[in-house]
Each structure stands twice: as C-alpha cells, then as structure tokens.
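Participant: Following this message is one structure expressed as structure tokens.
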Protein chains: 2
Amino acid sequence: MTKPRSRRGGGRPTIADVARKAGVGAITVSRALREPGRVSEDLRRKIQAAVDELGYLPDPNARALASARAEVFGVLVPSLTNSVFAEVLRGIYDSLSDSSYRIQLGNTHYSGLEEERLLQVFGPQRPAALIVAGIDQTPTSRRLLETAGCPVVQVMETGPDPVDMMVGFSHFDGGRVAAEHMIEVGYRRIGFIGARMDPRSQRRLAGYRAAMEAAGLFDARLITTTPVPSSVTLGRELFRDALAKVPTLDGVFCNNDDIALGVLFECHRASIAVPKTIGITGFNDLDMMEVAFPSVTSIRTPRYEIGRLSVAMALAAIAGKRPQEPVVDLGFELRCRESTAR
Amino acid sequence: MTKPRSRRGGGRPTIADVARKAGVGAITVSRALREPGRVSEDLRRKIQAAVDELGYLPDPNARALASARAEVFGVLVPSLTNSVFAEVLRGIYDSLSDSSYRIQLGNTHYSGLEEERLLQVFGPQRPAALIVAGIDQTPTSRRLLETAGCPVVQVMETGPDPVDMMVGFSHFDGGRVAAEHMIEVGYRRIGFIGARMDPRSQRRLAGYRAAMEAAGLFDARLITTTPVPSSVTLGRELFRDALAKVPTLDGVFCNNDDIALGVLFECHRASIAVPKTIGITGFNDLDMMEVAFPSVTSIRTPRYEIGRLSVAMALAAIAGKRPQEPVVDLGFELRCRESTAR
DNA sequence: AAAGCAGATGGTAGCGCTACCCATGACGCC
DNA sequence: GGCGTCATGGGTAGCGCTACCATCTGCTTT
C-alpha cells in the first residue's frame, strides 16, 4: 500500500469533486462545461450548482494534456513598443477577451532566427492558432508553421502565397500612393526617408520608386535609409543627411510617422516652411498626425482591424468554417493634410 | 484487451523515446534536462545526443500538470498601446527571453473588475510568477494575488504595503518635482492637464497640488482633467478648455507626454510662444520630447528598467533568494528643456 | 569489518482532464 | 416484435511528465 500523493494542487477542487457533489460522472461534468448541448437541462443545472458552490475552475494544463490542444493563441510580433504592432496586439486581445483563449506573446525583434526559435518553443504547446506578423518567414519558419497543425494567420501584409490565411494590405501600394500624391500636388525632388528597413519598409520604398520612375523623377540619391531602429530622433537626423545630400529636396515621404514627426520638428527648428518649401508625408497615420502643426499627410493603416479580423478568421477556422477567401486585403487610406497642401 | 489510444500528439517524440534511445530511465532524462548537475557527465552526454537526434522538446503542458507549476509569467497591464506599458512589457520580455518561461498577457483596460477576472483565469494555470501594474488592486484581487502561491511583483509604483514585491517610483514625487521646477523658473499660473485619471495620474496631480499649495499658488480652476483615454488630440482640446477657463495661464504640467505634445502643437497653431507665454512640462519623457521644437521638459521614468528588474526579482524569488528589500524605488529624473527655459 | 552515508539511477504512481467506447432507454420503422 | 437510431450518461485508459520513494553502488567512518 502506498499512500496517495498529497494533493499537490494545494486543495483546489477538481472535476471529480464536482462530479461527486453533483452525483454524476466526471465525464458528464466535462461535457456540461464544454458542450452544454449534449447534457440534459436537469443535470446541467445540478452540475452548474456544484461548480459554483465549490468555485471549481478547470485546470488548463490538464485539459491541454488530455486533449492535445491548448487554448492558447501564439502571437509573434517583431516589436512590442512599435505602436503599430501594439495596436494589432490590442485588436487580437480585444477579440479574444471574451473567449477562454489565452495569449502567448513572442517578440521576434525583427529576426528570422528568433522567429524560428519561438516557433520551436510554441510548437510543443500545441496552440489553438498562430498569428504571425509578416509574410517573409524563413523556409524553416514556414515549415514549422505548415506543420503546426493549427490555423495560421499572417498579418500586416498580403501576398500571393499564404501559409494558411492572411490579413493585411499592400505596402507597395501604400508607398506608391503616397508618392503619387506628392507628385500630383507638385513636389518634384521627393526624398524617401526610412529607418529599420524591414521587408514591409522595403516594399513601401519599392512603391515609392515605382511612382517616381513612372513620373520620370526617380533619383537614387533621394533615398536615405538606415537599418537602425526607427525613432523621432532618427527622423531628424536622417532628414538632415538627406538635405545635405540633396539641397534641392522639396518633399519627403517618410517610412513611418515617427520619422515624419522628426522631420517636421527639424523643419520648425531650421525654419523650413512646411508645406511650402518641404512637403511631408508619413505612414500609418498615428493619432498625432492630425493634431500636429501643420497637420501631417499620412497613409492610414487598419492595424486594430487587422488584429480583430485575424482572430475572427482563426476562430472560424477552428470551428471548421474556413473563410472562402484565405487572403483578406483591408486596404489603406491616404489622408491629405496641411503638410502637403501646396 | 484495449488497443492503446493512437498517439494523439501526432507522433512527436516523448521523454520515453529519448530514454529508450539513450538506454536510461525516463526520470533520468527528465533530470538531465532540468537539473543537469544531478546526472553524471557520461549519461548527460548520451541523453543530450538522443535529444538532439530525435529533436525532442518537452511538452510544457504535461510538465505543468505533473509538477503543478507552469513555466509561465502572468503579466497584467492596463493598456497595450500606451507606450509606457509597452516598454515595461518589453523589459519583461527581454529579461525572460533566454529562460524557458513564457509570457501570458492580460489587459485590464484600467478596470479593477477585469483585473479580478484575469487573476481568476490565471490562477488555475499555476503561473511561476505574476507581474501586475499598479498598487491599487481591489480587495478581491489582492486576496487572489496573496493566495496565488507564486512570487508577485507590483510594478510602476511604490507604496507602503506590497503584496509581495514592488518595483517603481513615486508618482506623487514626480508630479511635485515637475511643478516645483516650473515654479522655480518663474511660472505662476500653472495648470494641470490630465486624461484618464487612473490612480497614478491622481498621485501626480496630488504632487502637483502639494507643490502649488506650498508656494501659495494653488487654484482649483487650474486643474483640467477627464476620464477619457489620453491622446495627443485630447491634449489639444483640454488645453483649449484650460485656456478658456483661465486666460492668464502661463504654464501647464501635463499628466503625460501625449498631452504635452497636443499642447505644444496647439501653441504653434495659435501662435502662443513657448516657453515665453506658456511653459510646458510633460511626464514620462518619450523619445520625441527631446526632438520636439521647442524641446519639451519632462520627467524621465525608468519603464524598461522596471520591467527588467521585476523579472529579476521574481526569478530570484523563484530560486529561493528573495531580495532583502521587497520594495525597490527606481526613481525618476527631471529633464529640463526649452519648453520651460525662461 | 560492519555500519553508515552520499550520489546516482530507476520504478511506480499519479497530476486533472478528455478521447474512445460502451450501456441504457425511448422511440420509430418495417 | 425485432431492430436500428438517437439521446444521454458513464467507465476505462491514457495524455507526457515529474514527485516520491526504493535501490544500488562505492566509499568513509568508527
């Protein structure tokens, strides 16, 4: 005779306690909680009463082990402080908060290798779904996603070859539309300023370039970039560099709004008239762009909506109702403001 | 005879596979992985070889169930998009990324009830540690934290009565120092502008009030607040309100930098000279405050460091090495800039 | 030399839950 | 009346891992 191991759980009630109290089998309790429709009204009430009385909460770890599926959404973003991803995360969070799914966060720091490592770590946990930023996974990451055995949503961008599903918009078009707008209102020597040139930034640059070439205005010297992480400070510095390189600059398309703000402040400081001498266009349309003086033209991107929709699609897929169209382009919107109002 | 249930796990190698391949018992594999020191060099190598060959990765759910402890840090923040908490989160994440701990995120939306609900949900999972923002938990939340059976770190603030440990700084002092600075450089009719008056904002306001009263300058009409979430846009609007209410206003202490930026932009738009006519002080010292024109005085808060230290303290507590002093005040720093340079 | 002890390894029995299969009774159909 | 079908409920056997002993070696202690 071995004495039973003392309750390591510290005395929390288990499903067996509930079953005993309700006078039913443990399985029936389990079913009543997960598929109420399959249990008679009568027992359901009795079980609910026992649950309430004992304050029973199912152990997610035991549940995950037994069902080989954790109620966890794995979310991989390249940055936590970049407000763009913070808003995607908020969208994901809000859409999940009245379900029982938990969120497990991974920060790839814009590194493909780190993304691989995180997918390795997430895998054995058997998440219910994976949401990853971007469409430029390494071959290894892609294989990990394909064999994860759960719905996968790539977010922030759209592309031709989804692992499973995608929600985003075209960064190339965003860059192109921004540049076309500046050309249309009369700017000619339009610079591109970008930091942290991740794949999305590269595509915005490509869109800018396409527009400039189509108008016969492209000049490689107009491009000023750095792999350094983006910041308002950096925007100022890159703008100074750009101006030193091309003194005839009459506009800038900034890779994001932080950069744009840095440019705007530097124009104030150097008494450069905006939009008269220099036009400014940003990207993402953060709240402050509308309030800035002068208000700054930007491309509004549906970050929160991307987060929400990615969860909706993943939940539908879990429920077996895969969307007809696995790739959803949520588009973007050019907001013309004072900074390009010539 | 029942046939064994087919491997639901989809054929991932288990600890038993590794044990068989290495010619040892399963428990020895388990130990080799978790407490290498307790296994002989020889076996350790053999086991490592088997692990590598099979690509074995332990199942965290099974581990959590068997050991009644999940390798999860529960993190509760009131907002995901507020860059202050995003930076705390980044600090937490960075400090945890080379351990095997995972992060489970909870967003309380500044709601005590939601915090209670999330703690209820986190509890049964038996997290290794809990990190929660703020010190104003409801009695229920406090009890949940006290009975969680794991280290708890309250972050962002310090106070007299920690649940377990605390890392932060004094918001009251921050508000006081900011106001004292403005008084010292000669401002007299100094307004307080604040949005989303959470407990930390309230304490900053209290600090401001203390300084103003000490200087005999306090006037309730100088205070303009709203429970609405903070934004740059809102900063502009509140400043307009404040100015309409008190036309003789000669300075503002803003509850945070977003508000301060809104005030700055509105000053530009209305051609109000900064710092001559109006002085501006922000709070948190985001990157952009230094770059703004004019650059904006602010209180630098150690957000990232708070995240890092909270994890370090929790890890130490898990390892049984509780810090001598459970409450750590990381302080803050006044950064005087052009916006108050009279 | 017997006893004691520490270090290394293994076996057994769960952790709390659910997948799988089976039992039962009510009902409808031929 | 026999037989399938459906709805409802339960029993058994794990999921993959680790806590808790037990065992076995080799060495020190007295």
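Participant: State all residues of the stretch B:86-111 that are open to solvent by less than 10 Å² (accessible area, probe 1.4 Å), free of Cβ contacts under 8 Å to residues at least 60 places away in the same chain and farther than 22 Å from A:Ser100 by Cβ; if no residue qualifies, say none.
Facilitator: The one that is open to solvent by less than 10 Å² (accessible area, probe 1.4 Å), free of Cβ contacts under 8 Å to residues at least 60 places away in the same chain and farther than 22 Å from A:Ser100 by Cβ: B:Ala86.
Participant: Regarding A:Arg143, is this residue under 27 Å from the mean Cα position of the chain (by Cα) and surrounded by 20 or more Cβ atoms within 10 Å (Cβ to Cβ)?
Facilitator: When the stated conditions are applied, A:Arg143 does not pass them.
Participant: State whether the residues of the stretch B:252-260 include one that is within 14 Å of chain A (Cβ to nearest Cβ) and open to solvent by 60 Å² or more (accessible area, probe 1.4 Å).
Facilitator: There is no residue in the stretch B:252-260 that is within 14 Å of chain A (Cβ to nearest Cβ) and open to solvent by 60 Å² or more (accessible area, probe 1.4 Å).
Participant: Every residue in the stretch A:59-72 that is in a loop (DSSP other than H, G, I, E, B) and more than 13 Å from DNA strand D (Cβ to nearest atom), please.
Facilitator: If the condition is that a residue be in a loop (DSSP other than H, G, I, E, B) and more than 13 Å from DNA strand D (Cβ to nearest atom), then A:Glu71 is the only one that fits.
Rundown of residues vs (1) near DNA strand C (Cβ under 8 Å from one of its atoms); (2) at pLDDT 90 or above, yes/no style:
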site	(1), (2)
A:Arg8	yes, no
A:Arg12	yes, no
A:Arg20	no, no
A:Gly25	no, no
A:Arg34	yes, no
A:Arg38	no, no
A:Leu43	no, no
A:Ser67	yes, no
A:Phe73	no, yes
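Participant: Can I ask one more? Go through the stretch B:201-318 and tell me which helices (runs of 4 or more DSSP H), entirely inside it, have 1 or more residues that are over 23 Å from the mean Cα position of the chain (by Cα) and closer than 22 Å to B:Leu80 by Cβ.
Facilitator: Result: B:232-245, B:257-269.
Participant: Being modelled with pLDDT of 95 or more, more than 9 Å from chain A (Cβ to nearest Cβ) and touching a helix residue (DSSP H, G or I) at 6+ places or on another chain (Cβ under 7 Å), is that true of even one residue in the stretch B:266-275?
Facilitator: Within the stretch B:266-275 (the criterion being modelled with pLDDT of 95 or more, more than 9 Å from chain A (Cβ to nearest Cβ) and touching a helix residue (DSSP H, G or I) at 6+ places or on another chain (Cβ under 7 Å)), the answer is no, since none of the residues qualifies.
Participant: Continuing with this model, one more query. Can you report the number of residues in the stretch B:66-77 which are touching a residue at least 24 places away in the same chain (Cβ under 8 Å) and surrounded by fewer than 22 Cβ atoms within 10 Å (Cβ to Cβ)?
Facilitator: 3
Participant: Could you check the stretch B:11-38 and list, in sequence order, the residues that are of a type in the set (S, T, N, Q) and within 6 Å of DNA strand D (Cβ to nearest atom)?
Facilitator: Selection gives B:Thr14, B:Ser30.
Participant: Can you tell me which residue in the stretch A:226-251 is farthest from the other protein chains (Cβ to nearest Cβ), limited to those that are open to solvent by 50 Å² or more (accessible area, probe 1.4 Å) and in contact (Cβ under 8 Å) with a residue 12 or more places away in the chain?
Facilitator: The qualifying residue farthest from the other protein chains (Cβ to nearest Cβ) is A:Thr248.
Participant: Which one of these does B:Val75 not meet: (1) over 14 Å from B:Arg308 (Cα atoms); (2) part of a strand (DSSP E or B)?
Facilitator: So the condition that B:Val75 fails would be (1).
Participant: Can you say whether A:Asp164 is in contact with a helix residue (DSSP H, G or I) (Cβ under 8 Å, 6 or more places away or on another chain) and either surrounded by 18 or more Cβ atoms within 10 Å (Cβ to Cβ) or assigned by TED's automatic domain parsing to the domain that holds A:Lys321 (or both), as far as the supplied structure shows?
Facilitator: When the stated conditions are applied, A:Asp164 passes them.
Participant: Within the stretch A:44-52, identify whether any single residue is within 10 Å of DNA strand D (Cβ to nearest atom), out of contact with any Pro (no Cβ under 8 Å at 6 or more places or on another chain), of a type in the set (Asp, Glu) and open to solvent by 40 Å² or more (accessible area, probe 1.4 Å), and answer yes or no.
Facilitator: No, the conditions are met nowhere in the stretch A:44-52.
Participant: In addition: Considering only the stretch A:295-304, state which residues are more than 14 Å from every other protein chain (Cβ to nearest Cβ) and open to solvent by 30 Å² or more (accessible area, probe 1.4 Å).
Facilitator: Listed by number, the list holds a single entry, A:Arg300.
Participant: Right, another one. Could you check B:Ser79 against (1) modelled with pLDDT under 90; (2) small (Gly, Ala, Ser); (3) away from DNA strand D (no atom under 16 Å from the Cβ) and say which number it fails?
Facilitator: All conditions pass for B:Ser79, except number (1).
Participant: Return yes or no: is A:Glu41 charged (D, E, K, R) and within 16 Å of DNA strand D (Cβ to nearest atom)?
Facilitator: yes
Participant: For the stretch A:93-197, please list each of the helices (runs of 4 or more DSSP H) lying entirely inside it that holds at least 1 residues being within 14 Å of another protein chain (Cβ to nearest Cβ) and farther than 23 Å from B:Leu80 by Cβ.
Facilitator: Because the criterion is at least 1 residues that are within 14 Å of another protein chain (Cβ to nearest Cβ) and farther than 23 Å from B:Leu80 by Cβ, the helices (runs of 4 or more DSSP H) in the stretch A:93-197 that meet it are A:112-122, A:139-146.
Participant: Next question, about the same structure. Of the conditions (1) within 10 Å of chain A (Cβ to nearest Cβ); (2) open to solvent by 10 Å² or more (accessible area, probe 1.4 Å), B:Ala292 satisfies every one except a single condition; which number is it?
Facilitator: So B:Ala292 meets the others, but not (2).
Participant: B:Arg63: surrounded by 16 or more Cβ atoms within 10 Å (Cβ to Cβ), at pLDDT below 90, within 12 Å of chain A (Cβ to nearest Cβ) and more than 8 Å from DNA strand C (Cβ to nearest atom), yes or no?
Facilitator: So B:Arg63 fails the test.
Participant: If a residue has to be in contact with a helix residue (DSSP H, G or I) (Cβ under 8 Å, 6 or more places away or on another chain) and either more than 20 Å from B:Gly175 (Cβ to Cβ) or not β-branched (Val, Ile, Thr) (or both) to count, how many in the stretch B:289-308 make the cut?
Facilitator: 13
Participant: Against the conditions (1) hydrophobic (A, V, I, L, M, F, W, C); (2) open to solvent by 20 Å² or more (accessible area, probe 1.4 Å); (3) more than 27 Å from A:Ala260 (Cβ to Cβ), where does A:Ile223 fall short? Just the number, please.
Facilitator: Of (1) hydrophobic (A, V, I, L, M, F, W, C); (2) open to solvent by 20 Å² or more (accessible area, probe 1.4 Å); (3) more than 27 Å from A:Ala260 (Cβ to Cβ), only one is false for A:Ile223: (3).
The values are calculated or read from the model by the stated rules, or taken from the named source; none is laboratory data. This structure is a prediction, so every number in the text was calculated from the model and none was measured. So basically every Cβ, Gly included, is an ideal-geometry build from the backbone, and we count neighbours across all protein chains shown. Note: accessible area is taken over every heavy atom of the protein model, side chains too, but ligands, DNA and RNA are not part of it. Shrake-Rupley method; radii C 1.70, N 1.55, O 1.52, S 1.80 Å.
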